[in-house]
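Notes for the one structure printed next.
The values are calculated or read from the model by the stated rules, or taken from the named source; none is laboratory data. Worth saying up front: this structure is predicted, and the values here are computed from it rather than measured. Because the Cβ atoms are built from the backbone with ideal geometry, glycine has one as well, and the counts that use them run over all protein chains shown.
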Amino acid sequence: MRKSRITWSVIAGVIIAVLTGLGIAIAVNSDTPGPTAAPDTSPVTENTVAPSASASPAPSPGADLTGPLDLLLAGVDTRNKQPDWEPHSDAIMLLHVEPGLKSAYLYSLPRDLRVQIPAYKKSGFPGGKHKITEAMAYGSRVPGKSTKNVQNGYELLTRTISNYTGIKTIQAGAILNFGGLDQLVDELGGIDMTIDQKVKSRHRRPNGKLRTLSGHDFTGPQAVYLPGKRHLEGWQALDYARQRYGLPNGDYDRQRHQRQMVKAILDKALGQNLSDAAKLQSLVTALGKSLVTFGGRQPVEYAYALRDLTPATITSVQLDGSGVGSGSGYLGEQLTTEARGFLTAVANGKIAAYLKAHPKMVSKD
């Protein structure tokens, strides 16, 4: 069989690790060489070892990962044309993978969640109570310079999340510019989603063109997403998942829609021929520089470890909350007691029992 070699430079995180997992499983279980992670200039290829009576094939990278795992996907604000721009994590999704790595729970933290952000020497941030979306901004600052260090911003975000949730270690994660997702969805041929409520776009016209920005709001005809099963192009999927204004529960509805989009992408990706090197490479190219990954292991290791996960084995969990303020001023969001209890269950490895006692937290995606 023809041997192929793929350079993987940006594959990891919640979406991509699962998305590529099937392709890696196919490669490992066939006589086609597996794909390679390439964080440096000397990628290592998984070569097929001919079976013999005296030699056993080397274990696949990531075969030693048994879980549990906690992975982070942060969607970053892309308004980087502003002179004083700082990266903000507009979407924060976490995937908890159970021991054995065959089932997982996907949940979101509100971008405006008011938390204690710890002091961070690298950026000169003294610490304090702020919205969690600002953790990446405070961490990315470089004292005395206008440049931003996104990796440091990610580090402060993970520390903040760990302190708030009680999750000791976030093994790997990714910062995703959601602008790259529309290209990924188009490469997959669009995705199928069940729209659960009427959503009017604040940003797009029905033909996909941007609405006119006038002051602090937009004008012109609006794209509308009606309830029911829909096939969405890239711009539609991204636009639908961005909306929070005009929704009954604002950002909490948007969080649910973002998780629905993630699962729809996985569902479509797993139906593709991911053993085709050209197809895999086209998906990687579609993301381009919109995905930056972090973690102590190679991305391909997490992808292999999560090869058995499918949308059907990922449970979406809704964490509710409400606004907090001082007088008439809005300071951010706080989670309900029930939602905080779920985070405690995650940290203690007791999610299944907790959700059995609180079944309404499970989203019907």
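General remarks:
- Residue in region 178-199 that is part of a loop (DSSP other than H, G, I, E, B), buried (at least 18 other Cβ atoms within 10 Å of the Cβ), in contact with a helix residue (DSSP H, G or I) (Cβ under 8 Å, 6 or more places away or on another chain) and modelled with pLDDT of 90 or more present: no
- Among (1) within 27 Å of Leu238 (Cβ to Cβ); (2) in contact (Cβ under 8 Å) with a residue 40 or more places away in the chain, the one test that Gly139 misses: (2)
- Among (1) on the phi < 0 side of the Ramachandran plot; (2) at pLDDT 90 or above - the single one Gly228 does not satisfy: (1)
- Under the condition of being over 23 Å from the mean Cα position of the chain (by Cα) and among the polar types (S, T, N, Q), the residues counted in region 110-144 number 1.
- Ala312 fulfils the conditions (1) surrounded by 16 or more Cβ atoms within 10 Å (Cβ to Cβ); (2) aliphatic (A, V, I, L, M); (3) without any contact (Cβ under 8 Å) to a residue 24 or more places away in the chain except for a single criterion, (1).
- Selection status of Val324, touching a strand residue (DSSP E or B) at 6+ places or on another chain (Cβ under 6 Å), under 24 Å from Gly62 (Cα atoms) and surrounded by 12 or more Cβ atoms within 10 Å (Cβ to Cβ): no
- All of Gln243, Gln255, Gln260 fail the test of being buried (at least 18 other Cβ atoms within 10 Å of the Cβ), touching an Asp or Glu at 6+ places or on another chain (Cβ under 7 Å) and under 15 Å from Gly75 (Cβ atoms), apart from Gln260.
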